[in-house]
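The values are calculated or read from the model by the stated rules, or taken from the named source; none is laboratory data. Predicted model only: the values in this text are computed from it and were never measured. All Cβ positions, glycine included, derive from the backbone under ideal geometry; neighbour counts span all protein chains shown. With ligands, DNA and RNA removed, areas are computed over all heavy atoms of the protein, side chains included. Shrake-Rupley method; radii C 1.70, N 1.55, O 1.52, S 1.80 Å.
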Amino acid sequence: MSAPNKSYDPVEVEALKPEAIERMRDEALAAFAAADSLDALQEAKVAHSGGTSPLALANREIGALPPHAKAEAGKRVGMARGAVNKALTARQAELEAERDARMLVEEAVDVTLPYDRVPAGARHPLTTMMERVADVFVSMGYEIAEGPEVEAEWFNFDALNFTPDHPARQMQDTFFVQGPKGSDGDGESGVVLRTHTSPVQARSLLDREPPVYVVCPGRVFRTDELDATHTPVFHQIELLAVDEGLTMADLKGTMDHMVQSLFGPEMTTRLRPNYFPFTEPSAEMDMLCYVCKGESVGNPDRPCRTCSSEGWIELGGCGMVNPRVLIACGVDPEKYSGFAFGFGIERMLMFRHNVEDMRDMVEGDVRFTRPFGMEI
Ligand code: FA5
């Protein structure tokens, strides 16, 4: 910027001459009009209205003018800059409107097109849970065995030492399948919906020569009402090992391995005496509560919802295979012994994932299954 000069005349300063200011303004307006995109307009803005544009530089010259000349020069430059800014704002609005209109066309979504992206389904958490348990045994060398859901009474009860008048038959409320009337008394068919997976024990022993190591996951049926802790159709997983020299220690070790694989290395199990006609001795199997690890017992400061502060969670039934079952299936109990256990998958899913109501598992609502993720 030039130093103040008392005899300074703006019309004598080249940059402040009227025709120079007009030219700068016209060049700016032409550049804005020629800008065909917002990027091009930004470049024109820097060139014609930025801090180093001709008009901005001319504006700086005003400071060096004598006071009487400042007003006129300031007015001339100010009017030119005002016109430039106005043109810039107008062109900016025009180009933005063009861009928005173009985007509306280019990015339009036809909501009437057929919906072709059906969300991929995932298997039910009960299925993945059951497979996860079965995998533990498969990795130990066990074989998966299956049996029919509509089962002969003989396999469901008789082969398992439930004699016809045995009170144990009343332990499980059974769906009896009706046969054709007239041909067979009042329609009794000797066929039931299996009430547990244990008949697969008998089928496996009849199918194979010992040693037998099988794991049997499957659906079972009982005439229970559907409520928070029961369902008439549920799932069990059964384990059967028959070999020479098997003892309760093998049973306990196998169960410990299962809970450690599923819940963590510090897990263990305990056995409580129970009765099942097909195992002798029989036991109820509990596992250490995997949440509190037993620390909630007698400790009101650390209550545990998962085990109700009992320290243990009941898993299912187990025992040494009753020699009568071995005999019924043609296996020599003098040579072979075996162990078996079975438990409910719904129950395991409940405590493993804090599901409070078993009905959620059967209603098929994806809001229940989604949080379990997409295990294929
Ligand atoms: C049995 O069914 C035996 N077969 C288990 C067994 C196998 C014992 C091998 C010894 C050797 P129980 O009736 O207790 O046992 O049922 C086993 C599990 O099924 C229960 O612990 C429970 O988790 C589950 N269960 C029983 N009834 C229902 C039901 N209505 N809804 C959901 N789960 C159930």
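Taken together, LYS86, LYS75 contain a single residue that is among the basic types (Lys, Arg), within 21 Å of GLU14 (Cβ to Cβ) and open to solvent by 80 Å² or more (accessible area, probe 1.4 Å), which is LYS75.
Condition first: within 13 Å of the ligand (Cβ to nearest atom) and part of a helix (DSSP H, G or I). Now tell me which residues in the stretch 228-262 satisfy that.
MET248, LEU251, THR254, MET255, listed by residue number.
Which of the residues belonging to the stretch 148-168 are open to solvent by less than 20 Å² (accessible area, probe 1.4 Å) and either of a type in the set (Gly, Ala, Ser) or assigned to a loop (DSSP other than H, G, I, E, B) (or both)?
Pass one, the stretch 148-168, residues open to solvent by less than 20 Å² (accessible area, probe 1.4 Å): 151, 156-157, 159-160, 162, 168.
Result: PHE157, ALA159, PHE162, ALA168.
How about the stretch 249-263: which of its residues are surrounded by fewer than 18 Cβ atoms within 10 Å (Cβ to Cβ) and closer than 30 Å to ALA159 by Cα? ALA249, ASP250, GLY253, ASP256, HIS257 - these are the residues of the stretch 249-263 that are surrounded by fewer than 18 Cβ atoms within 10 Å (Cβ to Cβ) and closer than 30 Å to ALA159 by Cα.
For the residues GLU280, GLU314, GLU266, GLU295, the requirement of being in contact with a strand residue (DSSP E or B) (Cβ under 9 Å, 6 or more places away or on another chain), assigned to a loop (DSSP other than H, G, I, E, B) and open to solvent by 40 Å² or more (accessible area, probe 1.4 Å) singles out GLU266. Do we find a residue being of a type in the set (A, V, I, L, M) and either surrounded by 13 or more Cβ atoms within 10 Å (Cβ to Cβ) or touching a strand residue (DSSP E or B) at 6+ places or on another chain (Cβ under 6 Å) (or both) anywhere in the stretch 97-105? Within the stretch 97-105 (the criterion being of a type in the set (A, V, I, L, M) and either surrounded by 13 or more Cβ atoms within 10 Å (Cβ to Cβ) or touching a strand residue (DSSP E or B) at 6+ places or on another chain (Cβ under 6 Å) (or both)), the answer is no, since none of the residues qualifies. Can you list residue pairs whose Cβ atoms sit under 6 Å apart, with the first residue in the stretch 111-127 being within 25 Å of GLU346 (Cβ to Cβ) and assigned to a loop (DSSP other than H, G, I, E, B) and the second being open to solvent by 100 Å² or more (accessible area, probe 1.4 Å) and among the aliphatic types (A, V, I, L, M)? Count only pairs 6 or more apart in sequence or on different chains. Sorted first by the residue in the stretch 111-127, then by its partner, the pairs are ALA122/MET374.
Select from the stretch 296-309 the residues that are over 23 Å from HIS257 (Cβ atoms) and not β-branched (Val, Ile, Thr) and list them in ascending order.
Of the stretch 296-309, the ones over 23 Å from HIS257 (Cβ atoms) are 296-305, 308-309.
Within the stretch 296-309, SER296, GLY298, ASN299, PRO300, ASP301, ARG302, PRO303, CYS304, ARG305, SER308, SER309 qualify.
The C-beta contact set for the stretch 228-240 (first residue under 21 Å from ASN354 (Cα atoms) and at pLDDT below 95, second residue near the ligand (Cβ under 8 Å from one of its atoms) and open to solvent by less than 20 Å² (accessible area, probe 1.4 Å), distance under 7 angstrom, 6+ apart or interchain) comprises ALA228/MET358; THR229/MET358; HIS230/MET358; THR231/GLU346; THR231/MET358.
Residues being assigned by TED's automatic domain parsing to the domain that holds VAL362, touching a Cys at 6+ places or on another chain (Cβ under 6 Å) and over 23 Å from GLU346 (Cα atoms) are represented in the stretch 291-302 by at least one member.
Hey, among the residues in the stretch 335-356 that are within 6 Å of the ligand (Cβ to nearest atom) and part of a helix (DSSP H, G or I), which one's least open to solvent (accessible area, probe 1.4 Å)?
Of the stretch 335-356, the ones within 6 Å of the ligand (Cβ to nearest atom) are 340-344, 346-347.
With the extra rule that they be part of a helix (DSSP H, G or I), the set shrinks to 346-347.
Details: GLU346: 5, ARG347: 104 Å².
Only one residue tops the list, namely GLU346.
Scanning the stretch 270-296 for residues that are more than 26 Å from the chain's Cα centre (by Cα), hydroxyl-bearing (Ser, Thr, Tyr) and modelled with pLDDT under 95 turns up TYR275, SER296.
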